[in-house]
Amino acid sequence: MRARHNPFAVDRVLAVRYRLSGTTWEELLARLAALGGRGALVGPEGSGKTTLLEDLAPRLAGQGFRVHLVPLREGERLPAEPGRALPRSLGAGDAVLVDGADALSRLAWLGLRRRTRLAGGLVVTAHRPGLLPTLHQCATDPELLAGIVCGLLGEEEARAAPCPRELFARHRGNLRTALRELYDVWAAR
């Protein structure tokens with residue numbers, strides 16, 4: 001099977017958006033406002049933190065914020081390129097969204113907090129709570145994985161997929177790696 005025809009190809013998987021559970025977007029935005037615009041999206045790897053952060057960006061922009069999305073990877077500093085850097089001065093109309101904040105050193109985290117103190121919002125993703133108050137706890141379950149697989153394959157073909165409960169358990173709830181395994185399974189067909 002050619003990569004572009006694989007139902008688990010990256011572009012198709014990335015088109016799957018975060019599915020809020022136990023709350024609505026209105027409630028999430030109200031909670032963020034109640035937290036003074038500061039909060040963390042917390043959860044283990046592959047639980048959808050990045051997707052939720054990306055889905056939050058246009059909603060904040062819709063509220064009038066200038067959104068600055070800063071993706072970090074372990075060991076990286078705040079990006080220095082003009083297109084990805086934070087503006088020199090941030091104000092109440094700015095919302096800074098940092099993906100992977102727990103990869104920052106303590107000194108870099110304190111620098112980020114100082115640099116964003118006047119921003120109207122700071123939302124980060126982290127594997128564990130503690131950097132900021134928890135805005136949302138991201139979690140997965142076998143039913144969520146089954147729903148995503150069914151959405152990518154359709155009901156008929158989803159029946160031929162590996163058992164979602166077994167796949168979920170094998171990947172310890174990490175949907176990203178579970179979907180990668182499915183990509184490989186379909187590529188081998």
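General remarks:
- Condition broken by Ser47, with the remaining ones in (1) over 29 Å from Gly93 (Cβ atoms); (2) outside the structural domain of Val124 (by TED's automatic domain parsing) satisfied: (2)
- Residues in the stretch 86-110 that are closer than 27 Å to Gly62 by Cα and surrounded by fewer than 17 Cβ atoms within 10 Å (Cβ to Cβ): Pro87, Arg88, Ser89, Gly91, Ala92, Gly93.
- Every condition in (1) at pLDDT below 95; (2) under 30 Å from Ala187 (Cα atoms); (3) assigned to a loop (DSSP other than H, G, I, E, B) is met by Gly75 except one, and the failing one is (2).
- When residues of the stretch 4-32 are limited to those that are aliphatic (A, V, I, L, M) and loosely packed, with under 12 Cβ neighbours inside 10 Å, the one nearest to Gly46 (Cα to Cα): Leu14
- Condition check for Leu132: in contact with a Lys or Arg (Cβ under 7 Å, 6 or more places away or on another chain) and in the same structural domain as Pro71 (by TED's automatic domain parsing): yes
- Boolean, Arg180 is of a type in the set (Lys, Arg) and either touching a residue at least 24 places away in the same chain (Cβ under 8 Å) or under 27 Å from Ala61 (Cβ atoms) (or both): yes
The values are calculated or read from the model by the stated rules, or taken from the named source; none is laboratory data. The structure displayed is predicted, hence computed values, not measured ones. Reconstructed Cβ throughout: ideal geometry from the backbone, glycine too, with neighbour counts over all protein chains shown.
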